[in-house]
Amino acid sequence: MIDAIVQGILTGGLYALFAAGLSLMFGVMRLVNLAHGDIAVLAGFGAVIFVQSAGVSPLLALLLVVPLAAVLGYAVQRGLLTRTVGPSPLPSLLVTFGLSVVLQNVLLLAFSADQRRLPSGSFTQQSVPVLGLSIGLLPLAIFATAVAVLGGLSLFLARTSTGRVIRATRDDPEAARLMGVNPRHVYGIAAAIAFGSVAVAGFAYGTTTSFTPTSGPVLLLFAFEAVIIGGLGRLWGTLVGGVLLGVAQNVGAYIDPAQQILAGHLVFLLVLAVRPQGILGGRAPAAVTA
Amino acid sequence: MTPLLSVAGLEVRYGDLVALSGIDLEVREGQILAVLGANGAGKSTLLKAITGLLPPAAGRISFDAADLARVPAHRRVAAGIAMVPEGRRLFASLTVEENLRVGARAGRPGPWALPSIYGAFPLVAGIRTRRAADLSGGEQQATAIARALMSNPRLVLLDEVSLGLAPVVVKQLYATLPQITAAGTTVVVVEQDVRQALAVADHVHCLLGGRTALRAPAAGVTVADIAAAYFGTAAGQDAA
């Protein structure tokens, strides 16, 4: 049982990594990117290409994939999603849903429906004993990465001049224009961060389990649940939500292995019913708080 | 001497609705122009057209003799046009100082920076660490004016500064105007409070239903003249 909880906490880090970008894009431009999970899968395949075809180490593949994803994020935002920004959330939902379908089919054409997995070397099997439990080095590393990414993003938003402009634009894009800020550029930066962070998540996911071109929607669902449980638009809320979701799934699996995913969904629904603003959500579910 | 701001034959539409038409105005460097008029007369629309938030349907807006037609709103700040928008429009989740820093983003050199702003606005200095959302109306308005000045503008547009504020607060805010113009900055105020506007302005420009009802040097007009132009009771005359 304690083992299941610890495993759940570590899994939660991965979910938080998936959720951070989703939360940021919603917080800054009120846009729910339904292709978010597919971007993670795309990044996973990108890493597979680098490792298998170019023969680079997985770590180097990660360092190549993340900036590429960020550039893609900026381009997709400026070229496509910028046209959907407006008072109604529907256009962006439809466009990102379409993007999700297109990405899945392109990946199916290019890579077939075979399962893939990223090699993580001997790392996968190693573990450290902690208080009588054996904790895998890989989940631990992923959890640490998640905390580092969230912490870095949080500091970036709170302390840097670009972070300040992102928060200002989130508060009032028109007033930001009057200060010489181009909101479209700011939205591009937010999308770049979102795509870059979900690329890290996709890579981490690919090292822990196998994935296919159609894995994206499930990942989106977990990210979405983590965001809602933690509190919409709250960056650290994604970690709280991710951990809660991960613990629920692992404890659920401990009780009945067939009900792992169901247990997570039940906790999500419970939070939605009892505390719809999320665990960390304050008054209105509004801002990305650093 | 060419005027700093020149508007000629300006027409602005919201769809089929003509919000402004046939507007001509000029403001010389260092002067204060008051734009007066009732609700819906087109005052805020005029300012939005000058800042580029609303594209004109016809006419020409030039700043320092350069046509602004192709300059997007977010580039006009770098050219030297700053706006204090109606309703303050501060960045609510940011602190006062963060709001000011965003205001300085255009990076124009000039006298206004955090120390000089805090010197000129002791009220703002005292609340620098507070979140904009937690401020009173007067504190918000002072912060909004300070934020606009942080870009070291050549032209400041003040939209309805006195709206919803206690008269004593309005007086304090208007008392800072001489400090702004002392730096050589040109000011356009849009105002409901006619007496307050007449007290500070060099020229007045009255709008009625999107058209010019009166333009005159402030020294030569009375509150009665303005009232006539305001409500269209007398034929709109060009006293200038």
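Since every read-out is calculated from the coordinates, none of them should be taken as a lab result. The structure presented is a predicted model; accordingly, all values stated were derived computationally and were not measured. Reconstructed Cβ throughout: ideal geometry from the backbone, glycine too, with neighbour counts over all protein chains shown.
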With 10 Å bins from 0: P(r) over segment A:38-125, alpha-carbon pairs, percent
15, 39, 30, 14, 3, 0
Which net charge results when you count Lys and Arg as +1 and Asp and Glu as -1 among the other residues whose beta-carbon is under 9 Å from that of B:A34?
-2
Would you mind getting me the FRET efficiency between B:A125 and B:R195? Use the beta-carbon distance for r and R0 = 35 Å, nearest 0.05.
0.75
Sum up the charges of everything whose Cβ sits under 13 Å from the Cβ of B:G52, counting Lys and Arg as +1 and Asp and Glu as -1, but leave B:G52 out.
+3
Gap separating the Cα centres of segment A:194-238 and segment B:114-149, nearest whole Å:
41
Taking every DSSP beta bridge with both residues inside segment B:90-240, roughly what % is antiparallel (nearest 5)?
60
Among A:G151, A:P139, A:V240 - extreme Cα towards positive end, dipole of segment A:134-282, charges at beta-carbon:
A:G151
Alpha carbon centroid spacing (whole Å) that separates segment B:186-219 from segment A:175-191:
33
I'm a student and want to see the number: the projected area of the Cα convex hull of segment A:50-199, averaged over all directions, in nm².
12.5
Is there a quick way to get the dipole size of segment A:2-274? I mean about its Cα centre, with the Cβ of Lys and Arg at +1 and of Asp and Glu at -1; what is the value in debye to the nearest 20?
720
Per Stokes-Einstein, at 25 °C and 0.890 mPa s, what whole-number D in µm² s⁻¹ belongs to segment B:1-72, with the Kirkwood radius over Cα pairs as the hydrodynamic radius?
196
Residue-by-residue Karplus 3J(HN,Hα) for segment A:202-213, coefficients 6.51, -1.76, 1.60, Hz, glycine and proline x:
x, 5, 4, 4, x, 7, 8, 8, 7, 9, 10, x
Suppose R0 equals 35 Å. What FRET efficiency, 1/(1 + (r/R0)^6) with r the Cβ-Cβ distance, do A:S88 and B:K171 give to the nearest 0.05?
0.20
Relative frequency of Cα-Cα separations exceeding 28 Å in segment A:2-274, percent
34
quick note, the protein assembly as shown, DSSP beta bridge pairs, % antiparallel (nearest 5) is 55
Under a 5 Å amide H to amide H cut-off, with H placed in plane at 1.01 Å, what residues pair with B:Q31 once short-range neighbours are removed?
B:V187
Which residue fluctuates most in the GNM of chain B (Cα springs below 10 Å): B:A132, B:A218, B:A58?
B:A58
Give the dimensionless ratio obtained when the Cα radius of gyration of the protein assembly as shown is divided by 2.2 N^0.38 Å.
1.18
5 angstrom amide H check on A:I279, placed H, neighbours 5+ away:
A:G230, A:G231
Anyone know which of B:G15, B:G30, B:G164 comes out most mobile in the 10 Å Cα GNM of chain B?
B:G15
What does the convex hull of the Cα atoms come to per residue for segment B:26-153, in Å³?
127
Return the single residue from B:D202, B:D134, B:D64 with maximal mean-square fluctuation; model: Gaussian network over chain B, springs between Cα atoms under 10 Å.
B:D134
